[in-house]
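A short write-up of the structure that comes next.
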Amino acid sequence: MNFEDFCSQNNIVVTYYSFTTKVRGCCIKMDDYYLVAVNPRFSADSMRRTLIHEIMHIMQDHLLCDQSEYEKCEEEIARIINNMKKAELSQLML
């Protein structure tokens with residue numbers, strides 16, 4: 001499955017929005033789809049990492065978290081991405 005198919009099947013729309021450089025991206029739930037906005041002021045690699053980060057928030061159902069759970073949600077995403085990197089590295093070593 002390619003990225004476009006994944007987004008289509010999960011009702012995710014990706015767009016670019018020039019936030020300030022303090023914001024790399026964000027995601028919000030619209031009526032019948034998720035909107036992921038990525039800041040194009042950053043490098044292609046940074047935008048790719050931001051896109052993965054924001055989609056992980058969608059997959060972990062973090063859009064319903066309130067502000068008091070923000071750090072917990074961010075830590076969970078960091079842990080998941082770190083585990084994905086470790087798994088990828090271990091596959092390369094096989």
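What the table below lists for this structure:
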{"read-out": "Scope region 52-63; condition open to solvent by less than 40 Å² (accessible area, probe 1.4 Å) and either under 22 Å from Asn2 (Cα atoms) or touching a strand residue (DSSP E or B) at 6+ places or on another chain (Cβ under 6 Å) (or both); matching residues", "value": "Glu54, Ile55, Met56, His57, Ile58"}
{"read-out": "Residues being open to solvent by 100 Å² or more (accessible area, probe 1.4 Å) and closer than 17 Å to Thr50 by Cβ - total across region 64-74", "value": "1"}
{"read-out": "Selection count where residues are of a type in the set (Val, Ile, Thr), within 20 Å of Asp66 (Cα to Cα) and surrounded by fewer than 18 Cβ atoms within 10 Å (Cβ to Cβ), scope region 1-46", "value": "2"}
{"read-out": "Filter result for Leu92 (open to solvent by 90 Å² or more (accessible area, probe 1.4 Å) and among the hydrophobic types (A, V, I, L, M, F, W, C))", "value": "yes"}
{"read-out": "Arg49 open to solvent by 50 Å² or more (accessible area, probe 1.4 Å), of a type outside the set (Asp, Glu), free of Cβ contacts under 8 Å to residues at least 40 places away in the same chain and touching a helix residue (DSSP H, G or I) at 6+ places or on another chain (Cβ under 8 Å)", "value": "no"}
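The values are calculated or read from the model by the stated rules, or taken from the named source; none is laboratory data. This is a predicted model, so every value here is computed, not measured. Quick reminder, even Gly has a Cβ in these numbers, built from the backbone with ideal geometry, and neighbours come from all protein chains shown. Heads up: the accessible areas ignore ligands, DNA and RNA and are worked out on the full protein's heavy atoms, side chains in. Shrake-Rupley method; radii C 1.70, N 1.55, O 1.52, S 1.80 Å.
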